[in-house]
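Student: Next up is a structure, given as structure tokens.
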Amino acid sequence: GDERSRESPAPAEAQMQAGAEGSGRVNRCCWKCSVTQLKKIFWGVAVVLGVCSSWSGSTQLAKLTFKKFDAPFTLTWFATNWNFLFFPLYYLGHVFKSAEKQSPKQRYRECCRFFGDNGLTLKVFFTKAAPFGVLWTLTNYLYLHAIKKINTTDVSVLFCCNKAFVFLLSWIVLRDRFMGVRIVAAIFAIAGIVMMTYADGFHSHSVIGIALVVGSASMSALYKVLFKLLLGSAKFGEAALFLSVLAVFNVLFVTCIPVILYFTKVEYWSSFDIIPWGNLCGFSILLLTFNILLNFGIAITYPTLISLGIVLSVPVNAVVDHYTSEIVFNSVRVIAIVIIGLGFLLLLLPEEWDVWVIKLLTRLKVRKKEEIPEGNGDIASGLPNKSRRTRPSMSS
């Protein structure tokens, strides 16, 4: 009997050991989850800083470039050509990260399935890639042309309205779920646009600049909604190949436009020595970095954190404009910036945010109901004790 008791523990001890093992497993799982969440948050902060610095830096560098090289469409064409690096950079990441390494040709063929069963044919190129190449060029050209007219703070704030335009188009075209909060955010965006127009007075240059930014935001929203409608969702390799294809379209079919603008002296420069190649290359690299973080940052962090980087670029541009230009931050402009920023943040709320709020409120109500009976029980338990103490005194 002693030997048996030594070999096999008692049932209570066995249950305690099993409970300890189960709690240890739970603690390990919680520790792993917390570590992965901390890593995601850490990379999210890094991506937010990268998005903010690249977006605000490219905007400020474009403003600086136009002082020496007044050619927004040529700058758009030059920066779009750098999109060709998307697929080579993705393939380098694929080689270093994946266990099953494929040749560039094999990886290209696998990513081409995104365009259809036949791959990237000439018909698919003109029907599915060319329209997005036009929208990409219009988005960047209108944005750069607006920088010539108004300050970079107003441009960066007004471009944040593209998220509200995406929601409205998705609700109308894609039949997405109706959300009252996002309707309020869209109203905030429209009100901010009107107030921004009123901030400097209805002058011709400010109205034209604001109209150009709103047009750029609209083209960006149309690009995103049409991409989801015609092509659906894309994996990282497919998105990299698609952006590289846009660069090919830019070289083949958009190159003639800067040439025409040069010979018609709409965008003219006397000699190539005057062109600030450093600013052009710096702007293109920053814009390429911004697009890489925007498209592939969701692999390492949350999409909401990436969007916050665009909002944080607004105060960065405001600080730079305060020291480099003659911008006047009157009350109307500040209110417009706050309203548009608030609308952008409301659009970042997930679709099930109302369900989470209701669950949180119900939990709080249940806790309050549980606390009230406990307090009443203490009071009730105290009354009989007093009565018991008083009985002997009355009998005596």
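Student: Please state the relative contact order of the stretch 32-363 as a whole percent: Cα pairs under 8 Å, 6+ residues apart?
Tutor: Once divided by the residue count of the stretch 32-363, the mean separation gives 40 percent.
Student: Something else about it: For Lys235, which lysines qualify as cross-link partners when the Cα separation must be under 23 Å and same-chain residues fewer than eight apart are set aside?
Tutor: Qualifying lysines at Cα under 23 Å: Lys39, Lys40, Lys97, Lys101, Lys105, Lys123, Lys128, Lys163, Lys224.
Student: Here's a follow-up. What ranking of His94, His145, His205 comes out by heavy-atom accessible area, probe 1.4 Å, highest first?
Tutor: His205, His145, His94
Student: Can you tell me which lysines have their Cα less than 27 Å from the Cα of Lys368? Leave out same-chain residues fewer than eight positions away.
Tutor: Answer for Lys368, where 27 Å is the Cα cut-off: Lys359, listed by chain and number.
Student: How many nm separate the modelled label positions at Val319 and Arg175, each set 7 Å beyond the Cα in the direction of the Cβ?
Tutor: In this crude label model, Val319 to Arg175 measures out at 4.8 nm.
Student: OK, next. R0 = 51 Å: FRET efficiency of Glu110 with Val328, Cβ-based, nearest 0.05?
Tutor: Rounded to the nearest 0.05, the efficiency is 0.40.
Student: Measure off 7 Å from each Cα along the Cα-to-Cβ vector at Asp117 and Leu38, then give the distance between these two points in nanometres to one decimal.
Tutor: 5.1 nm
Student: Moving to a separate point now. At 0.36 nm per residue, minus the direct Cα-Cα distance, what do Ser98 and Lys265 gain on full extension? Give it in nm, one decimal, please.
Tutor: Gain on extension, Ser98 to Lys265, equals 55.1 nm.
Student: Kindly identify the stretch 171-213 as rounded, prolate or oblate by the Cα gyration tensor criterion: order the square roots of the eigenvalues as a ≥ b ≥ c, call it rounded if a/c is under 1.5, otherwise compare a/b with b/c, prolate if a/b is larger, else oblate.
Tutor: Cα axes put the stretch 171-213 in the oblate bin.
Student: Expressed as a whole percentage, what fraction of the accessible surface of the stretch 32-363 belongs to carbon and sulfur atoms when a 1.4 Å probe is rolled over the protein heavy atoms? Don't jump to the answer; show the numbers that get you there.
Tutor: Numbers: 12070 of 17260 Å².
The computed percentage sits at 70.
Student: When N counts the residues of the stretch 32-363, how does its alpha-carbon radius of gyration compare numerically with 2.2 N^0.38 Å, as a ratio?
Tutor: Numbers: Rg = 20.8 Å, N = 332, 2.2 N^0.38 = 20.0 Å.
Expressed relative to 2.2 N^0.38 Å, the Cα Rg reads 1.04.
The values are calculated or read from the model by the stated rules, or taken from the named source; none is laboratory data. The structure displayed is predicted, hence computed values, not measured ones. Don't worry about glycine lacking a Cβ; one is built from the backbone with ideal geometry, like all the others, and counts go over all protein chains shown. Protein only, heavy atoms only, side chains kept; ligands, DNA and RNA dropped before computing areas. Shrake-Rupley method; radii C 1.70, N 1.55, O 1.52, S 1.80 Å.
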